[in-house]
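To keep things clear, I will list the structure first and then write my remarks on it.
The values are calculated or read from the model by the stated rules, or taken from the named source; none is laboratory data. Everything numeric in this text was worked out from a predicted model, so none of it was measured. Don't worry about glycine lacking a Cβ; one is built from the backbone with ideal geometry, like all the others, and counts go over all protein chains shown.
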């Protein structure tokens, strides 16, 4: 093929190549995914968080030993799994949350995990530190009643809008650009075990329990009284 013929062929093919690249060869501009910023509601099931299909007031299958969770953040409309709490489930468990807490007849214990989200999801506020609480409620209590036992709750039109006053305003506000990212677990504030603290405070510095120490003191007092009485008898 002559050089002149090659140039004519290249000149004819080049516009077709550029058209093909413009139509399908270059990536299209990514569209921001829309969603909402709200309190995501979860149940702990078989060692994993399960996004609730109903609101807290509609969930009535709670039993003693269950764990509920709430996570505030922006969730895409297409995301059916919600945005999970950043809790290490080896550390944030029912035993860790409700250790030392007893339930009477007609009551049940439910662990509640509260994750107020990140600064990126905040709207000019500082998210409180995440925490775990143990709710002791009636055996027929639903999810909303469990939450209200451990936190102040703002509800509007059946939606959980704020927990402990966070966020201060808004409820399920729309978000035009939902960004998802892999998150690391964070530390959760856990309830103090009052029963263990009472045992530690009620022990003597040398390790002797208070009842035994009391017996020792009583014997010493009786011995001193007997010695004093014996001296008086001799002097008489």
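Scan the stretch 157-179 for residues that are in contact with a strand residue (DSSP E or B) (Cβ under 9 Å, 6 or more places away or on another chain) and surrounded by fewer than 17 Cβ atoms within 10 Å (Cβ to Cβ) and report the count. Give the derivation first.
In the first step, residues of the stretch 157-179 are kept if they are in contact with a strand residue (DSSP E or B) (Cβ under 9 Å, 6 or more places away or on another chain); the result is 159-179.
Narrowing the set further to residues that are surrounded by fewer than 17 Cβ atoms within 10 Å (Cβ to Cβ) leaves 159, 164-165, 168-170, 172-174, 176-177, 179.
The number of residues fulfilling the criteria is 12.
Residues that are assigned to a loop (DSSP other than H, G, I, E, B), more than 19 Å from residue 164 (Cα to Cα) and in contact (Cβ under 8 Å) with a residue 40 or more places away in the chain within the stretch 34-62 comprise 34, 47, 52, 59, 60, 62, listed in sequence order.
Of all residues in the stretch 63-92, which are assigned to a loop (DSSP other than H, G, I, E, B) and under 24 Å from residue 128 (Cα atoms)? Give the steps one after another, and end with the answer.
Going residue by residue through the stretch 63-92, those that are assigned to a loop (DSSP other than H, G, I, E, B) are 63-65, 77-92.
If the condition is that a residue be assigned to a loop (DSSP other than H, G, I, E, B) and under 24 Å from residue 128 (Cα atoms), then 81, 82, 83, 84, 85, 86, 87, 88, 89, 90, 91, 92 are the ones that fit.
For the stretch 98-127: of the residues being surrounded by 12 or more Cβ atoms within 10 Å (Cβ to Cβ) and farther than 19 Å from residue 39 by Cβ, which is nearest to the chain's Cα centre (by Cα)? Quick ask: steps written out before the conclusion?
Pass one, the stretch 98-127, residues surrounded by 12 or more Cβ atoms within 10 Å (Cβ to Cβ): 98-101, 103, 107-118, 121-122, 125, 127.
Remaining after also requiring farther than 19 Å from residue 39 by Cβ: 98-101, 103, 107-109.
Numbers: 98: 14, 99: 16, 100: 20, 101: 19, 103: 22, 107: 22, 108: 19, 109: 16 Å.
Top of the filtered list is 98.
Within the set 100, 124, the sole residue that is assigned by TED's automatic domain parsing to the domain that holds residue 53, more than 24 Å from residue 50 (Cβ to Cβ), assigned to a loop (DSSP other than H, G, I, E, B) and in contact with a helix residue (DSSP H, G or I) (Cβ under 9 Å, 6 or more places away or on another chain) turns out to be 100. Determine, yes or no, whether residue 80 is modelled with pLDDT under 95, under 21 Å from residue 175 (Cβ atoms) and out of contact with any strand residue (DSSP E or B) (no Cβ under 9 Å at 6 or more places or on another chain). It is false that residue 80 is modelled with pLDDT under 95, under 21 Å from residue 175 (Cβ atoms) and out of contact with any strand residue (DSSP E or B) (no Cβ under 9 Å at 6 or more places or on another chain).
Take the residues of the stretch 128-147 that are under 13 Å from the mean Cα position of the chain (by Cα) and in a loop (DSSP other than H, G, I, E, B): which is surrounded by the most Cβ atoms within 10 Å (Cβ to Cβ)?
Out of the qualifying residues, it is 130.
Among the numbered conditions (1) outside any loop (DSSP other than H, G, I, E, B); (2) surrounded by fewer than 13 Cβ atoms within 10 Å (Cβ to Cβ), the only one that residue 182 does not meet is (1).
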